[in-house]
Amino acid sequence: VTYTGIHSRGKGYGSTGTIAVLQDVTGQEKLEQSRREFVANVSHELRTPLTTIKSYLEALEDGALEEPQLASKFVNVARNETERMIRLVTDLLQLSRLDSKQATLHKEPTDVVEMLEEVADRFSFQLEQRSIAIDIDVAPGVMYIMLDRDRIDQVLDNLVSNAIKYTPEGGHIRIIAGRPDPQQLEICVQDNGIGIPRKDLNRIFERFYRVDKARSRSMGGTGLGLSIAREIVKAHGGTIHLDSEFGQGTRVTFTLPYQQEEAAV
Ligand code: ADP
């Protein structure tokens, strides 16, 4: 906060006055800086796949087209990079809607057990491919809750896909739902994967923040999954946090409030 004192002397009347202008400059500067960083990040994240696509197209033009096997490999790379860009732009659009509060929630009564089983089903192929086991553990008091199903599915998908991405073959994922008090549903997604170093923990929900950029990219990540999850949970009036032990595993826990009448059940 800066303090600007303006000393003024009234003309002819001999009066003296002081106007104090208080401005939160540090806050404004921080916001401006984080905006600049965000734009730089977006540009970089889009430029990387575009550069790759360009070089593969040039290679095709320079003769790779004549070699069908090589050509199909190059086209495949270009398609994968295009898909990454689409994912990135979709994620960015969603974040921008959540930021501008344009995103209205369409809440509906949702069966928690069914919702969690469906998440596991969506990932069954990937889980099997990487020999990762998944358990779902729901406490008895957990039943229906009002939530925006599409959006909470996205939170769960982001968390489970992270758990799969950052857990070596043969690992184990658990989804645990409980009701620590009548007002709240708590859902944990827990893995026994690579974990996150302590020094990175407090920045992990920042947009584009990744512990290992190369690994995240090669896994198809955009660096926006946790930020989106946090915004969606916040829009529902809930909280989200992450605990992790480097080399041991990670647990992300989020809560969602039950409506008053549900809490009475
Ligand atoms: P990404 O698309 O890179 O996965 P996220 O926002 O979902 O982006 O996650 C940010 C970073 O947090 C990841 O790049 C990764 O370094 C770390 N991370 C997230 N979930 C896990 C997890 N379950 N285990 C280990 N690291 C994780």
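The values are calculated or read from the model by the stated rules, or taken from the named source; none is laboratory data. Computed from a prediction, not measured in an experiment: that's the story for all the values here. Note: ideal-geometry Cβ built from the backbone for every residue, glycine included; neighbour counts use all protein chains shown. Accessible surface is based on the protein model in full, side chains and every heavy atom, while ligands, DNA and RNA are left aside. Shrake-Rupley method; radii C 1.70, N 1.55, O 1.52, S 1.80 Å.
Side notes on the structure shown:
- Residue match in the range 37-51 (condition: assigned to a helix (DSSP H, G or I), β-branched (Val, Ile, Thr) and open to solvent by 60 Å² or more (accessible area, probe 1.4 Å)): yes
- The range 215-235, subset more than 9 Å from the ligand (Cβ to nearest atom) and of a type in the set (Gly, Ala, Ser), residue farthest from residue 114 (Cα to Cα): 218
- Some residue of the range 107-119 being open to solvent by less than 30 Å² (accessible area, probe 1.4 Å) and in contact (Cβ under 8 Å) with a residue 60 or more places away in the chain: yes
- Number of the condition not met by residue 181 [criteria: (1) more than 10 Å from the ligand (Cβ to nearest atom); (2) of a type in the set (D, E, K, R); (3) open to solvent by 30 Å² or more (accessible area, probe 1.4 Å); (4) at pLDDT 95 or above]: (4)
- Residue within the range 240-259 that is buried (at least 19 other Cβ atoms within 10 Å of the Cβ), within 11 Å of the ligand (Cβ to nearest atom), within 23 Å of residue 88 (Cα to Cα) and of a type in the set (Ser, Thr, Tyr) present: no
- Subset of the range 197-214 (residues that are closer than 18 Å to residue 42 by Cα and more than 7 Å from the ligand (Cβ to nearest atom)): 203, 205, 206, 207, 208, 213, 214
- Across the range 131-155, the qualifying residues are those that are part of a loop (DSSP other than H, G, I, E, B) and exposed (fewer than 15 other Cβ atoms within 10 Å of the Cβ), and the one among them that is nearest to the ligand (Cβ to nearest atom) is 131.
- Only listed residue being outside any loop (DSSP other than H, G, I, E, B), near the ligand (Cβ under 7 Å from one of its atoms) and within 22 Å of residue 104 (Cα to Cα), chosen from 162, 158: 158
- Of all residues in the range 206-237 being within 14 Å of residue 151 (Cβ to Cβ) and hydrophobic (A, V, I, L, M, F, W, C), the one that is most open to solvent (accessible area, probe 1.4 Å): 235
- Scoring residue 168 on the criteria (1) part of a helix (DSSP H, G or I); (2) exposed (fewer than 13 other Cβ atoms within 10 Å of the Cβ); (3) within 14 Å of the ligand (Cβ to nearest atom) leaves a single failure, condition (1).
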